[in-house]
Amino acid sequence: KARLTQSSPRGRRKFCNFYNTMTTNEKRIKIAEACGWLDITRCTRRFKPAEDGVCVMGTKDPPSINYAREYSFLPDYFNDLNACHQMEKKLSDNQWITYMDNLCAVNGRQCGLPKNTCRRAVIHASAEQRAEAFGKTLNLW
C-alpha cells in the first residue's frame, strides 16, 4: 500500500512504501493469507505469545454451517524451513523465476556472474531469507 507524496516543487512524485516498517509477525500474517489461511486472529491469553508478543491463529477451513472450523497456529515462515517448503509450493513457474532473483538479492548477491555463487546462496538460504524473498515476489510488502 503506497501513498504518493510530493517530492519536489516541480511536481514530481515518488512512492513511499509503508511495508518497510512491518514487523516479522505482520509479514508472517501476509504470507499466511497468500497461502490460503483464513480468519486470522490473535490467540487467547492461555496460549504462549510469539517472540514479538503476539500469538496468531487461523484456519484453512472454509466457512460452513455444517461443521466447526478447526483453528491452529500459523506456520513460522521466518524460522521453519518446512513451512517455507509449503509456502514455495504456492508459486507458479513464472513466480519461481522472480523468487529465485529475489532470493539472490536478499542474500546480498546479484544473479548473473558468478552463477555458482548465486546458486549456493539459493540452496543455503535460511527460512528468514526465503520468507522475505517470497513476500517480495508476491508484492506483499
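The numbers here are math on the coordinates, done by the rules we state, and not lab data. Because the structure is predicted, anything quoted here is derived from the model rather than measured. Every residue, glycine as well, gets a Cβ built from its backbone with ideal geometry; the counts of neighbours run over all protein chains shown.
For labels at SER126 and SER72 in the simple 7 Å Cα→Cβ model, what's the distance in nm?
According to this spin-label approximation, the distance is 2.6 nm.
Want the number for LEU81 to THR41: 0.36 nm per residue separation, take away the alpha-carbon distance, what's left?
That pair, LEU81 and THR41, stretches by 12.1 nm at full extension.
Pop out the ³J(HN,Hα) list for the range 27-41 in order, Karplus 6.51 cos²θ - 1.76 cosθ + 1.60 with θ = phi - 60°, rounded to Hz; leave Gly and Pro as x.
5, 4, 5, 4, 5, 4, 4, 5, 8, x, 6, 10, 6, 7, 9
Of the listed peptides 24-31, 86-93, 119-126, what is their order by residue-averaged count of other C-beta atoms within 10 Å, with the highest listed first?
Listed from highest to lowest mean packing, they are 24-31, 119-126, 86-93.
For VAL56, what residues show an amide H to amide H distance below 5 Å, using hydrogens built from the backbone and excluding near sequence neighbours?
Answer set, sorted by chain and number: CYS43, ALA50, LEU74.
So, in nm, how far is label MET22 from label MET57 when the simple model puts each one 7 Å beyond its Cα toward the Cβ?
It is 2.4 nm.
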